[in-house]
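Comments concern the structure below.
The values are calculated or read from the model by the stated rules, or taken from the named source; none is laboratory data. Given the structure is predicted, the values throughout are model-derived calculations rather than measurements. Cβ placement follows ideal geometry from the backbone for every residue including glycine, while neighbour counts extend to all protein chains displayed. Areas reflect the complete protein model, heavy atoms only, side chains present, ligands, DNA and RNA absent. Shrake-Rupley method; radii C 1.70, N 1.55, O 1.52, S 1.80 Å.
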Amino acid sequence: MVEFTLLNHPLDCPTCDKGGACELQDRTVEYGLYEKYYQKDPLSLPVYTRFEFTRRHVDKHHPLSPFVILDRERCIHCKRCVRYFEEVPGDEVLDFIERGVHTFIGTLDFGLPSGFSGNITDICPVGALLDLTARFRARNWEMEETPTHCALCPVGCGITADTRSGELLRVRAREVPEVNEIWLCDAGRFGHEWADQDRLKTPLVRKEGSSWRPPGRRPSRP
């Protein structure tokens, strides 16, 4: 099954955002192919598959919404995202289209009309569904994970803040069964970009009608 799954999977792990946190990588290392079984010539390069033909090429970087992008070449048709929309928010907006090797995940023309669409980026086992706000910004092992709570509404959902060098790059859902189970709304997931934009990072004071300035700094003389 691992061999069939890898049959058409692109070899772009060095550039994939899921690298280092990919379930397909883990299963390949755990149960994967051994080059000694498929080597035709001991002096030749190792052959990692018994099927020698060109991998399929389909649409890449296909935006499903302003926040979620789909790479159809990486999709392994596990149907997790389809089941999620059917069973959790109850919005049947994703489904399989076509048959056989031409099968792909598709949606309606107007994207993902759901306030919980970002959860499919967490449950996707490969790099087929990615968060556009964090795409290509850092590798998984470069980010520091900090468990915290979302402060954008009174619910207080559990989240994991992924940062690098003090910069907030990504927000993911954290499992808190009593509050949000393991899901997170799109506002809490994608609404973090304001944290690194023009905002106050030190207190400012204003004395004697002068402009706002950090405390202890005297106004310049004319």
Worksheet entry | Loop-located trypsin sites (Lys or Arg not before Pro) in the range 104-144 whose Cβ has at most 12 other Cβ within 10 Å (DSSP) | none
Fill in: Potential lengthening between E30 and F53 on full extension [0.36 nm per residue; Cα-Cα distance subtracted]
5.8 nm
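Would you mind getting me the FRET efficiency between E178 and C153? Use the beta-carbon distance for r and R0 = 25 Å, nearest 0.05.
0.95
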Worksheet entry | Residue-normalised accessible area of the range 48-95, given per residue in Å² at a 1.4 Å probe | 60
Practice prompt. Let me know the charge dipole size of the range 81-139 about its Cα centre in debye, to the nearest 20, where only the beta-carbon of Lys, Arg (+1) and Asp, Glu (-1) is charged.
Written response: 420
Discussion item. Can you list residues from other chains, or at least 5 along the same chain, whose modelled amide H is less than 5 Å from the amide H of V68?
Written reply: L132
Practice prompt. Quickly rank 203-213, 72-82, 159-169 as a protection proxy: mean count of other C-beta atoms within 10 Å, highest first.
Written response: 72-82, 159-169, 203-213
Fill in: Theoretical FRET efficiency, 1/(1+(r/R0)^6), r = Cβ-Cβ of E144 and H61, R0 30 Å, to 0.05
0.60
Worksheet, complete the sentence: Expressed in angstrom and rounded, the centroid-to-centroid distance over alpha carbons for the range 123-151 and the range 57-92 is 16
